[in-house]
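Notes to accompany the following structure.
The values are calculated or read from the model by the stated rules, or taken from the named source; none is laboratory data. Keep in mind that this is a model prediction, so the values were computed, not measured. We place every Cβ from the backbone using ideal geometry, glycine too, and count neighbours over all the protein chains shown. Note: accessible area is taken over every heavy atom of the protein model, side chains too, but ligands, DNA and RNA are not part of it. Shrake-Rupley method; radii C 1.70, N 1.55, O 1.52, S 1.80 Å.
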Amino acid sequence: EGRVLVDADGRFTANVYDVNGDAYLVFLRDITAGGRYLHPVAEGISVGGGLDIQSVSAPYFTYTDEARTAANIGVGGWFGVRAVGQLDVDLPNDLHVSLDLAESFLWAPAATHAGALVDIPAGSAPFAVRLGVAWDWHYLPTTDLGAVGTIDEHIFTAQAGVVYVLR
């Protein structure tokens, strides 16, 4: 018998961009929430997928003169729905590994995600240390923001945290 997972994940970053010699501090977000169904296919191995709602922000540039020699930075926001495929593996000593691949398909076209997480139990406590890596690719239109072109950015993230484990 399978299991249903509900999760929410957020990444918030502060970035400094240099635009024509001026430094801009920019705050960005990537928030997802959704559900998955995982079906066991072998001892300790489950596969499945589901849907997420996603809210992302990204920087974009607008020119302030016709000669395009001066620019300002802005931050745009996009909302979308993404499909997620997931592989979960339970290893000895209660280690748990999760691999996922997601692609947006509504409202925020081209927000691709690939990630790997490992949960390391903290003894008998209902917590685990979570370590992971992720790659995200955002290819987002800026025309709705008053700019011309698209945002094309690759984001590599290392993750460390603590998760509550329901047993």
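Annotations for the structure displayed:
- Dimensions of segment 5-64 from C-alpha coordinates, computed as largest minus smallest value along each principal axis and given longest first, are 57, 19, 16 Å.
- Approximate spin-label separation V133-R29, in nm, with each point projected 7 Å along Cα-to-Cβ: 2.9 nm
- Sorting the Cα pairs of segment 46-167 by distance into bins of 10 Å, from 0 upward, gives 12, 33, 27, 17, 8, 3, 0 percent per bin.
- Cβ-defined net charge surrounding H138, 14 Å radius [Lys, Arg +1; Asp, Glu -1]: -2
- For segment 85-166, carbon and sulfur atoms together expose 67% of the accessible surface, with a 1.4 angstrom probe and every protein chain in place.
- Looking at segment 1-67, the accessible area is 63 square angstrom per residue; that uses a 1.4 Å probe and ignores ligands, DNA and RNA.
- Expressed as a fraction of 2.2 N^0.38 Å, the value expected for a compact globular protein of N residues, the C-alpha radius of gyration of segment 1-104 is 1.56.
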